[in-house]
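See below for the structure under consideration.
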Amino acid sequence: MSTLTWHAVGAYGIAAAIYLLHLVGLRRGAENAGRALLAIGVTLHFADIGVRCYHGSNPISSTPEAMSLVAFIVAAVYLLTSLRYQLTAAGAFVAPAVVALILLARLAPAEAPVQDGVTLPMMGRLGQAHILLATLGVAVFAFAAVLAVVYLFQDRSLKRKQLDRAVDRGTPLDTLDRLAHRCVSIGFPVFTLAIVTGAIWVARLGILHGQGTLRPEYLIAVGTWIAFAVLIIARVGAGWRGRRAAWLTLGGFGGTALVVAAYFIRHAV
Amino acid sequence: MPGANIDLLLVGVSHKTAPVAVRERLTVDPEAIAAALTELTGLAPVREAVMLATCNRVELYVAADDADRAAAGLAEVLARRAGVGVPELAEHLYQHRDSAAVRHLFRVASSLDSLVVGEPQILGQTKQAYDAAVQHGTAGAVLRACFEEGAFRVARRVRRETAIARNPVSVSSVAVDFARQVVGDFARRRVLIVGAGKMSELAARTLRTHGATLTVINRTRARADEMAKQFGADVADWENLRGALVAADIVIASTGAQRPVLTLDLLTQVRKARRGRPLCLLDIAVPRDVEPAVGELSDIYLYDIDALQKVAGEHRAERAEEAAEAESVVEEELGRFVKKWRNRQRGPMISALQTHFHGIARAEVMRLSGGVDEKERKARLDIAESLVKKLLHQPMTALRDDDPDAAMSLVQALQRLFSLSPVAALPAEAPGEGSADKKATGS
């Protein structure tokens, strides 16, 4: 890992500690410090991605690089959203997740950029577009999942009549629900395009290189897409909101996480 | 903290010493505050005055040369205002002087002396009282230091460093906070008020101020109409209770019914129709209006009067714990304030002492220099000035001592020995006109 990466991880790590302490009630009023450190982390992370790009490892050249980009997008989206909404509790999930993703990405075995056995030059524009769209989709769904988790925690606090926890560290349920829905609404078309470009790419690879075998992650990706489609249709058509929507969002994100994990394990092995 | 030599005097009554029957007679309309302040600074020993009048206290903070006379005068003013004799009012009055008065002011501004400890209004009221005094020219150096550099700073620190005002302690505030955690901002939110009793009116008034849209539903339509008219609310027919519940974001139930009117069956149907949209149910009726099992339904958040009171009670206990921490902040700030005050007094006292001695020397030289020429008179003046400088060198060095306590005792000694007034030792920030004239006693 480069010095820049370590510094970014350090800033994210301290931000994570502050947010976690805030969540458990040991350090109140630390949201500004947490946000400042997260902003430093995002800046350093952006510089790190830029430097790696300059040296030929662009964010879509491999699964670890894509994971690092997901972490960057999640952190940046959280940072921007937290400027408008009181989302301190979500910070306790976002910051540690970002640290974990970067560490996984950067500590994974280094090897030549490979995707599905295809080197970057072989990917072509379609393959690159697929990976970029999938990365963006996963990042937005990840943020939606964080909001869904916070929703479920907040729901539990309010059901248990714990105003102290709810008021001090939470966000109104309605706000969390609306934000999560907005994320899914943005992520779904992006993920749909990723699925379509991916399907065409795999089909072409099968024809051109004989490498387009049907893998489990393809099926999981389609399953995930269906889960999010159901969520959007249920929300728009039948007005589904609240806990059910939160659980479905988590289910959908679980699918995307499995797909990413499958790619990552294949890369690592 | 004795001997701080801050000539602040406080005379007043509060909820702790006087019943409302006495306090209500002492309240002052904002329009009448100027006249009241003028009356206070019209008392002979009073140089500066601030009048803090709220529903729980009426306190007069003054800077005065003769504290005993000033206290007697202030008691007379208050007694006259209350329409009673001084002895009758005396049992309700309290007074503090010097650093004890400053401590009291710090505690009041920090809401440690309030009926509901930690309530936020008192700081605003204290600021208003001080601003009124500044506006009417009755606040000078002493009160400016005590309020601006002291009380407001302490109150901000207490609020920032302790959790004394973090959580609400009244049932209605707790209910509003629960509702806010469910639906967020109240603007454009629909609040359904089930039952048109006195408690409902109270809740309606609170939520109306937060911008919510109200709908009243009551078995007796006429009563609902009456209440709706009062709060600019809509009215729904009792037969349409289910539909009104589906449309609402917050429900306040406060009927006089002996059995729950919002049953599990009804709310199960409502929940289904709402498709996961969260509903906050505030049941403030006794007997309860909502079946307790409703609280188990997902996406429905039920809070009855016991739950609200329990949370309010927990918050009150929390505040009591935080109050101890706040008291230590007050003591720390009082120590800092007194030290600063003493330091502030040294500089002007040195000047006053020099002016005093040089004035005497010059006067004596002039008296004994009749008939001598200008050159000789100047030579004599130089000798006298030089003598004064040499004589004052040691006292000046001692006054500039780093230890403020040691220096302060010297300042007090000098004041007594040479009749140097502490007023003359204050920074040259005169209070407003009218009161300024009689306060400059000089040395």
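The values are calculated or read from the model by the stated rules, or taken from the named source; none is laboratory data. What you are looking at is a predicted structure, and each value in this text was computed from that prediction instead of being measured. Virtual Cβ from ideal backbone geometry, glycine too; neighbours counted across all protein chains shown.
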Identity of the residue in the range B:140-165, in contact with an Asp or Glu (Cβ under 7 Å, 6 or more places away or on another chain) and not in a helix (DSSP H, G or I), that ends up farthest from the other protein chains (Cβ to nearest Cβ):
B:Gly140
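Among the residues of the range B:208-216, is any part of a loop (DSSP other than H, G, I, E, B), surrounded by fewer than 20 Cβ atoms within 10 Å (Cβ to Cβ) and either modelled with pLDDT of 85 or more or away from chain A (no Cβ under 12 Å) (or both)? It would help to see each step written out before you state the result.
At the first step, the residues of the range B:208-216 found to be part of a loop (DSSP other than H, G, I, E, B) are B:210-212.
Adding the requirement that they be surrounded by fewer than 20 Cβ atoms within 10 Å (Cβ to Cβ) leaves B:210-211.
If we keep only those that are either modelled with pLDDT of 85 or more or away from chain A (no Cβ under 12 Å) (or both) as well, we get B:210-211.
Scanning the range B:208-216 turns up at least one residue that is part of a loop (DSSP other than H, G, I, E, B), surrounded by fewer than 20 Cβ atoms within 10 Å (Cβ to Cβ) and either modelled with pLDDT of 85 or more or away from chain A (no Cβ under 12 Å) (or both).
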Here the residues within the range B:243-298 that are small (Gly, Ala, Ser), within 14 Å of another protein chain (Cβ to nearest Cβ) and either crowded, with 23+ Cβ neighbours inside 10 Å or not in a loop (DSSP other than H, G, I, E, B) (or both) are B:Ala247, B:Ala248, B:Ala273, B:Ala293, B:Gly295
Can you say whether B:Thr220 is polar (S, T, N, Q) and either away from chain A (no Cβ under 14 Å) or within 29 Å of B:Glu239 (Cα to Cα) (or both), as far as the supplied structure shows?
yes
Of those in the range A:156-213 that are over 29 Å from A:Ala76 (Cβ atoms) and outside any helix (DSSP H, G or I), the residue modelled with the lowest pLDDT is A:Gly212
Restricting attention to the range B:133-156, does a residue exist that is free of Cβ contacts under 8 Å to residues at least 60 places away in the same chain and aromatic (Phe, Trp, Tyr)?
yes
The one condition B:Ala196 fails out of (1) out of contact with any Lys or Arg (no Cβ under 6 Å at 6 or more places or on another chain); (2) crowded, with 24+ Cβ neighbours inside 10 Å is (1)
Restrict the check to the range B:309-322 and report whether at least one residue is modelled with pLDDT of 85 or more, touching a strand residue (DSSP E or B) at 6+ places or on another chain (Cβ under 8 Å) and facing chain A (nearest Cβ under 10 Å).
no
Criterion first (in contact with a Leu (Cβ under 9 Å, 6 or more places away or on another chain) and within 15 Å of A:Thr135 (Cα to Cα)) does A:Phe264 satisfy it?
yes
Of these, B:Ser351, B:Ser328, which one is modelled with pLDDT under 90, among the hydroxyl-bearing types (Ser, Thr, Tyr) and outside the structural domain of B:Thr206 (by TED's automatic domain parsing)?
B:Ser351
Counting only residues that are touching a strand residue (DSSP E or B) at 6+ places or on another chain (Cβ under 9 Å) and without any contact (Cβ under 8 Å) to a residue 60 or more places away in the chain, how many does the range B:72-87 have?
3
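Consider B:His92 carefully, then state whether it is outside any loop (DSSP other than H, G, I, E, B) and not basic (Lys, Arg). Break it down stepwise before answering.
On the way: outside any loop (DSSP other than H, G, I, E, B): no; not basic (Lys, Arg): yes.
No; evaluated as a whole, the condition is false for this residue.
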For the range B:360-371, indicate whether the set of residues that are assigned to a helix (DSSP H, G or I) and either assigned by TED's automatic domain parsing to the domain that holds B:Val142 or under 25 Å from B:Ser409 (Cβ atoms) (or both) is non-empty.
yes
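Would you please name the residue that is farthest from the other protein chains (Cβ to nearest Cβ), looking only at residues in the range B:174-198 that are in a helix (DSSP H, G or I) and without any contact (Cβ under 8 Å) to a residue 12 or more places away in the chain?
Going through the range B:174-198, the residues in a helix (DSSP H, G or I) turn out to be B:174-183, B:198.
Restricting the remaining residues to those that are without any contact (Cβ under 8 Å) to a residue 12 or more places away in the chain gives B:177, B:180-181, B:198.
On the way: B:Asp177: 5, B:Arg180: 6, B:Gln181: 5, B:Lys198: 25 Å.
Among those residues, the one meeting the criterion is B:Lys198.
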For B:Leu302, work out the one condition from (1) without any contact (Cβ under 8 Å) to a residue 60 or more places away in the chain; (2) surrounded by fewer than 18 Cβ atoms within 10 Å (Cβ to Cβ); (3) of a type outside the set (Ser, Thr, Tyr) it doesn't fulfil.
(2)
